[in-house]
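See below for the structure under consideration.
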Amino acid sequence: MKHRIVVLGAGYTGAVAAGRLAKRLHREDVAVTLVNPEPDFVERVRLHQLATGQDLTPRPLREMFAGTGVDVKLAKVTAVDVDRRTVTVTSSHRAGQAEPESGEPAYEEPAYEELEYDTLVYALGSGWNDGGVPGVAEHAYELSSRAGALRLRDRLAALDAGRPVVVVGGGLTGVEAATEIAEARPDLDVALVARGVLGDWLSDKGRAHLRKVVDRLGITVHEHTTVAALEADRVTTADGTAVPAEVTVWTTGFAVHPIAQATALELTDGGRIVVDDAMRSVSHPDVYAIGDAALAIGPGDKPLRMSCATGVPMAWQAADALAAQLTGAKLPHVSIRYYQQCVSLGRREGLIQFVTADDRAVNRALTGRLAARYKELICKSAAWGVANPTVGMPSRRRRVVQREAEGRSRARAAA
Ligand SMILES: Cc1cc2nc3c(=O)[nH]c(=O)nc-3n(C[C@H](O)[C@H](O)[C@H](O)COP(=O)(O)OP(=O)(O)OC[C@H]3O[C@@H](n4cnc5c(N)ncnc54)[C@H](O)[C@@H]3O)c2cc1C
């Protein structure tokens, strides 16, 4: 009987892990199922581009995984039972039907199905977070999902010249969104709200460059500002100031999906799955968790932040550790550290801030068009890496050791 590996989520990390496992292991020994609600791989790091009217390259998952041995299942996970080792999904995507313009998968009446696994790889990523601020859930636009980016795209396209757009959140996503919108729509009145000083985590050079680009694009920056409430046409700050906002884009941080919360897995307060160095759940060793959904400790004993930059190496580590576990090979160690933060500032400008292994800015940064090209290359290679998960590494498949299979049948017989 094959060892059943179910990978939840085909974002950057789930797709990389599934592809890598399929290359590392023999098809006669393992069955790899990759579950995702949308038929296309979504390049999440480009969603601000999608929102401003640019079209992204379609990347159908079934084409990407054709011939690899990975079974792509178009379905939405609704529950995970880590004691029974089952996943409940609603698989109702109409096979062969094109995805509708809205970005929402085409669903028939939901049909519930239970998938059994021997090993689970949990990679459901994250969504947006309204932070409990009144009015945000009703009025804000978000950029963490394709559907959210398409909704914002429609709204921006319908806005007349001179109308105010406010981006709330001075982190990487907020900065990328504000500059992208201001560059694509110089006729709009774009503002950015930051809790502290704009770019306060950057080096002096990086911060000065960011400020120069933001000024050149005509973006108004509200620093040291906290948003207390949102209405359809304005943002109200904690000191009671009303900032006109026909469109508000909310980018104050990501939150994980509540699915893990309903399991017996050990989680952080924020709901991320706590994993060890091999990306294995500390409470349930037959569950691996990667990407935004997991909390792993990086250099300097600091938790890794939610990012593609560290999520992909987490996926390599999980896939290699699981393959080693099943084949009796030595447990590998993938180095997970930071090198740089690559920030797009529209299509013509960028900022590459070099950082220490634990993500602190050093006084070296690349700016201008060269940085924009570099960032573009990084985005392209991230998507390419999803389709080529073992490039540069030996892709020799190893056999699953009999011991493991026998152990499992003994456990089943005993149960
Ligand atoms: C606009 C934007 C720009 C960004 N820019 C950068 C950047 O420049 N650099 C960087 O390092 N990071 C960046 N990030 C963060 C980065 O995109 C995430 O950290 C990364 O995508 C995490 O990968 P993941 O595989 O954990 O999650 P995701 O890529 O989000 O994948 C999760 C997958 O799970 C699927 N899923 C969700 N719910 C279910 C369910 N119930 N059932 C089945 N499947 C489900 C989703 O459809 C998705 O395919 C950016 C994010 C955004 C939103």
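Annotations
- FRET efficiency estimate (nearest 0.05) - Cβ-Cβ, Ala137 to Val401, R0 56 angstrom: 0.65
- Share of carbon and sulfur in the accessible heavy-atom surface of the chain [1.4 Å probe, %]: 51 percent
- Accessible surface, the range 334-380, averaged per residue in Å² (probe 1.4 Å): 50 Å²
- The peptide list 346-352, 193-199, 18-24, put in order of mean Cβ contacts within 10 Å with the highest first, becomes 18-24, 346-352, 193-199.
- The range 200-327, accessible area per residue, ligands and nucleic acids excluded (1.4 Å, Å²): 42 Å²
- Three-way shape call for the chain based on the alpha-carbon gyration tensor, with the a/c threshold at 1.5: prolate
- Above-threshold pairs, the threshold being 20 Å between Cα atoms, out of Lys205/Lys380; Lys23/Lys330; Lys23/Lys76: Lys205/Lys380; Lys23/Lys76
- Using the empirical formula 2.2 N^0.38 Å as the baseline, the Cα radius of gyration of the range 130-250 reaches a ratio of 1.00.
- Applying a length cut-off of 15 Å (Cα extent along the axis) and a mean Kyte-Doolittle floor of -1.0 to the DSSP H helices of the chain leaves 12-24, 146-157, 172-184, 308-327, 368-387.
- Amide proton proximity set for Ala245, modelled H, under 5 Å, gap of 5+: Arg234, Val235
- Percent of beta bridges antiparallel (DSSP, the chain, rounded to nearest 5): 50 percent
The values are calculated or read from the model by the stated rules, or taken from the named source; none is laboratory data. Values in this document were obtained by computation on a predicted structure and should not be read as measured data. Don't worry about glycine lacking a Cβ; one is built from the backbone with ideal geometry, like all the others, and counts go over all protein chains shown. With ligands, DNA and RNA removed, areas are computed over all heavy atoms of the protein, side chains included. Shrake-Rupley method; radii C 1.70, N 1.55, O 1.52, S 1.80 Å.
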